[in-house]
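Asker: Take a look at the following structure, please.
The values are calculated or read from the model by the stated rules, or taken from the named source; none is laboratory data. Because the structure is predicted, anything quoted here is derived from the model rather than measured. Ideal geometry is used to build each Cβ from the backbone, glycine not excepted, and the neighbour counts take in all protein chains shown. Ligands, DNA and RNA are excluded from the accessible area calculation, which covers all protein heavy atoms including side chains. Shrake-Rupley method; radii C 1.70, N 1.55, O 1.52, S 1.80 Å.
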Amino acid sequence: MSTFLWIQLIVTCFLGAVSPGPSLLLIVKNSISYGKTNGIITGIAHGLGIFIYALLTILGIAFLYTKYPILIKIISFSLVLYLIYISYKIFITEEEIDLERDNKQKYNQNFTDGFMIAFLNPKITIFFGALFSQFVNDELTNLEKFQMAFAASFIDMIWYTFVSLIVGNSLIRKNFNNTKVFNKISSIILIFISIYILVKIFT
């Protein structure tokens, strides 16, 4: 694949990564509430989910969504249920957050949440289906296909790592001296996002 096509792929993946959504909200929330390391872990897990979707799309699995569109609704509904579950967990959190350091007890939970938000989002496959259709052809080697999926995943991880380092900075976190209120606001926003997805599913 030519250098120009690689640049085009990288720029498009970056624009897709920086678009706002539940993933960005969750990573910002985790970075502020539990520290930048938790935000980075959430972002890395999200990137792994992106890698799986990107690779499956390149290998041709995206055709299932065009042949069986009901799959999109089923997986989207699963995403809504998971977002509601996360919202509930955030809303009922009453623990005191130490804004001076990372909460190591949250690493596994935040990794799972980051991965599942990516893995349960079929819109990612639609995005990659449109994107990779411009680049995938019979002349591509398996290595090049792997590199394309890795590029999408790596860009996603780098972006969310950058976001985590910024918002998880101790100077910024100190401004959120009431993390319980911040958690409640984050939870309500996730609920509204869930409702929006539900409306899109049934309209």
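Asker: In Å², what does the accessible area per residue of segment 6-94 work out to with a 1.4 Å probe?
Answerer: Numbers: 3960 Å² over 89 residues.
Here the per-residue accessible area is 45 Å².
Asker: Right, next: If you add up the charges near residue 201, with Lys and Arg at +1 and Asp and Glu at -1, over every other residue whose beta carbon is less than 14 angstrom from its beta carbon, what do you get?
Answerer: Details: positive: 73, 123, 200; negative: none.
Summing Lys and Arg as +1 and Asp and Glu as -1 gives +3.
Asker: So how do 35-41, 46-52 stack up, highest first, on mean other-Cβ count within 10 Å? List each step's numbers first, then the result.
Answerer: Values: 35-41: 24.9, 46-52: 22.4.
Highest mean packing first, the order is 35-41, 46-52.
Asker: About its Cα centre, how strong a charge dipole does the chain have in debye, to the nearest 20, once Lys and Arg get +1 and Asp and Glu get -1 at the Cβ?
Answerer: Working: 15 positive and 11 negative charges, 92 e Å.
Using only the charged Cβ atoms, the result is roughly 440 debye.
Asker: Additional query: Rounded to the nearest percent, how much of the accessible area of the chain (1.4 Å probe, protein heavy atoms only) is carbon and sulfur? Intermediate results must be reported in sequence, preceding the final value.
Answerer: Working: 7560 of 10830 Å².
Carbon plus sulfur share of accessible area: 70 percent.
Asker: Just to confirm my numbers, what's the Cα centroid distance between segment 23-63 and segment 101-171 in Å?
Answerer: Spelled out, the Cα-based centre of one part sits 5 Å from the other.
Asker: Hey, another quick one. So if we plug the beta-carbon distance of residue 203 and residue 18 into 1/(1 + (r/R0)^6) with R0 = 35 Å, what FRET efficiency do we get, rounded to 0.05? Please report the intermediate quantities before stating the final value.
Answerer: On the way: r = 27 Å, r/R0 = 0.77.
Computed FRET efficiency for residue 203 and residue 18: 0.80.
Asker: Going 7 Å from the Cα of residue 67 along its beta-carbon direction, which residues of segment 122-157 have the amide nitrogen within less than 17 Å of the resulting point?
Answerer: 126, 129
Asker: Here is a further query. Between residue 52 and residue 195, what length comes free when the chain is fully extended (0.36 nm per residue of separation minus the Cα-Cα distance, one decimal in nm)?
Answerer: Numbers: separation 143, 0.36 × 143 = 51.48 nm, distance 2.64 nm.
Computed gain between residue 52 and residue 195 is 48.8 nm.
Asker: Please tell me which of these pairs span more than 19 angstrom C-alpha to C-alpha: 29/104; 29/174; 89/200?
Answerer: Working: 29/104 15 Å; 29/174 14 Å; 89/200 24 Å.
Flagged as over cut-off: 89/200.
Asker: Report the one residue of 13, 25, 188 whose Cα lies farthest in the direction of the positive end of the charge dipole of the chain (charges on C-beta: Lys and Arg +1, Asp and Glu -1; origin at the Cα centre).
Answerer: Among 13, 25, 188, the one farthest towards the positive end of the dipole of the chain is 188.
Asker: Among 151, 88, 38, whose Cα sits farthest toward the positive end of the charge dipole of the chain (+1 at Cβ of Lys/Arg, -1 at Cβ of Asp/Glu, about the Cα centre)?
Answerer: 88
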